[in-house]
Amino acid sequence: MKYNFDERIDRRNTGSLKWDVPDGELPMWVADMDFRTAPSVEEAIARRAAQGIFGYTALPEEWYEAYQSWWSRRHHFEIEKDWLIFCTGVVPAISSIIRKMTDTAEKVVVMTPVYNIFFNSILNNGRNVLESRLRLEDGVYDIDFADLEEKLSDPQATLLLLCNPHNPVGKIWDKETLQRIGDLCVKHHVLVLSDEIHCDLVKPGEEYIPFASVSDNCRKNSITCVAPTKAFNIAGIQTAAVIVPEETIRHKVSRGLNTDEAAEPNVFAAIAPAAAFMHGEEWLDELNRYLWENRKTAEEYIDHEIEGVTAIRAKATYLLWIDCRSVTGDSAALCGFLREHAGLYVSSGAVYRNGGGFLRMNMACPRAVLMEGLERLKNGIRAYTEQKKQ
């Protein structure tokens with residue numbers, strides 16, 4: 001490989017949210033990779049930093065062109081320049097859109113288990129969560145459309161918060177599924193807000209489908225949040241885009257983001273996406289190949305080395321969703337035990353709702369680190385099981 005994803009980089013004492021943990025602990029929780037970003041991004045930032053002046057920043061034409069070119073080339077979706085709105089992050093955008101496009105005490109539909117911060121964005125803004133649970137059968141997650149339609153038909157439900165691809169289960173929603181979701185939302189007058197931040201982290205040979213690209217219903221009744229931050233490991237640069245094809249909805253979203261002061265870029269926020277999307281494709285392709293070797297390694301290890309535990313097979317994200325229900329239904333207690341007794345810091349499935357008995361583990365690290373984490377997982381679960389027996 002041209003790029004060295006086996007390189008181990010010491011991130012302790014750098015202000016890293018992920019790595020600000022006690023010595024001896026291995027953090028594999030938050031969705032933050034332990035790889036350097038693409039060289040094109042590093043070089044673009046270094047060139048700009050060398051000027052030594054970091055004043056107020058305007059969006060250059062290259063920022064728009066980079067998004068338009070990437071989604072056209074990579075995802076077969078033609079985005080008009082006017083559809084794009086800069087935002088400081090996907091989560092700030094979601095919170096702002098919930099405030100602007102729904103009223104207090106209305107309901108936001110989510111399909112669980114799902115990214116836990118969705119619940120913060122809904123509840124902290126005085127709205128209510130309306131949960132439609134995904135079905136898990138034979139290791140595969142699918143939508144219970146009868147239940148979803150029942151939730152969408154609630155007169156107080158005004159927004160569906162979609163995760164595409166789905167975090168934490170790693171599901172790529174196919175075109176037929178997305179179209180069915182879009183048609184139901186139009187039927188019941190529910191706006192779709194689609195978080196597509198993981199869209200570029202997919203198994204080689206697979207493709208994610210942008211929700212807004214599927215049909216007229218999906219395009220005219222949707223808001224999509226995207227960013228290079230997950231795929232290129234630049235979350236700390238605080239940069240994202242909101243795609244809104246329909247003019248009236250776009251005006252409201254833009255006013256909300258500006259009112260919330262979430263629409264002004266920092267000095268690197270336009271440079272980094274342009275460098276990533278214009279010159280980082282080869283790096284990303286190699287990254288995805290490496291990540292999927294990591295996933296294969298983890299799945300095989302868990303199958304053969306950890307009794308009673310199963311890794312849910314997935315085609316997107318670098319997050320491993322681990323079924324530990326035969327060990328315990330209390331994933332929070334298991335997480336606490338693993339951290340205390342094995343020094344392994346992973347996420348409890350309970351925080352994603354409909355995920356009790358599951359763990360979420362971040363595999364975006366050098367393979368040697370992944371193997372260390374898997375060994376800690378095995379030893380920790382063995383010790384937990386033995387303690388339960390006693």
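Quick look at the values:
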quantity: Subset of segment 220-271 [basic (Lys, Arg) and out of contact with any Lys or Arg (no Cβ under 8 Å at 6 or more places or on another chain)]; calculated: LYS220, LYS230, ARG250
quantity: Breaking point among (1) touching a residue at least 12 places away in the same chain (Cβ under 8 Å); (2) charged (D, E, K, R); (3) not in a loop (DSSP other than H, G, I, E, B), for LYS296; calculated: (1)
quantity: Only listed residue being part of a strand (DSSP E or B) and either closer than 21 Å to ASN266 by Cβ or not polar (S, T, N, Q) (or both), chosen from ILE79, ILE53, ILE85; calculated: ILE85
quantity: Candidates GLU196, GLU149, GLU137 - the one that is touching a helix residue (DSSP H, G or I) at 6+ places or on another chain (Cβ under 9 Å) and open to solvent by 40 Å² or more (accessible area, probe 1.4 Å); calculated: GLU149
quantity: Every residue from segment 215-230 that is touching a residue at least 12 places away in the same chain (Cβ under 8 Å), open to solvent by 10 Å² or more (accessible area, probe 1.4 Å) and in a helix (DSSP H, G or I); calculated: ASN217, ARG219, LYS220
quantity: Those residues of segment 202-214 which are open to solvent by 10 Å² or more (accessible area, probe 1.4 Å), under 20 Å from VAL169 (Cα atoms) and not aliphatic (A, V, I, L, M), in sequence order; calculated: LYS203, PRO204, GLY205, GLU206, GLU207
quantity: Residues of segment 313-334 satisfying the condition of being within 16 Å of LEU374 (Cβ to Cβ) and open to solvent by 10 Å² or more (accessible area, probe 1.4 Å); calculated: ASP323, VAL327
quantity: Count - residues of segment 177-193 that are closer than 30 Å to ALA364 by Cα and open to solvent by 10 Å² or more (accessible area, probe 1.4 Å); calculated: 1
quantity: Among residues of segment 8-45, those that are out of contact with any strand residue (DSSP E or B) (no Cβ under 7 Å at 6 or more places or on another chain), farther than 22 Å from ILE197 by Cβ and touching a residue at least 60 places away in the same chain (Cβ under 8 Å), counted; calculated: 4
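Conditions tested, residue by residue: (1) of a type in the set (Val, Ile, Thr); (2) farther than 30 Å from ASP6 by Cβ; (3) assigned to a helix (DSSP H, G or I).
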residue	(1), (2), (3)
ALA332	no, yes, yes
CYS335	no, no, yes
GLY373	no, no, yes
ILE381	yes, no, yes
TYR384	no, yes, yes
LYS388	no, yes, yes
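The values are calculated or read from the model by the stated rules, or taken from the named source; none is laboratory data. Just so we're clear, the structure is a prediction, and the values are computed from it rather than from any experiment. Ideal geometry is used to build each Cβ from the backbone, glycine not excepted, and the neighbour counts take in all protein chains shown. To get the accessible areas, we keep the full protein, side chains included, count just its heavy atoms, and leave off ligands, DNA and RNA. Shrake-Rupley method; radii C 1.70, N 1.55, O 1.52, S 1.80 Å.
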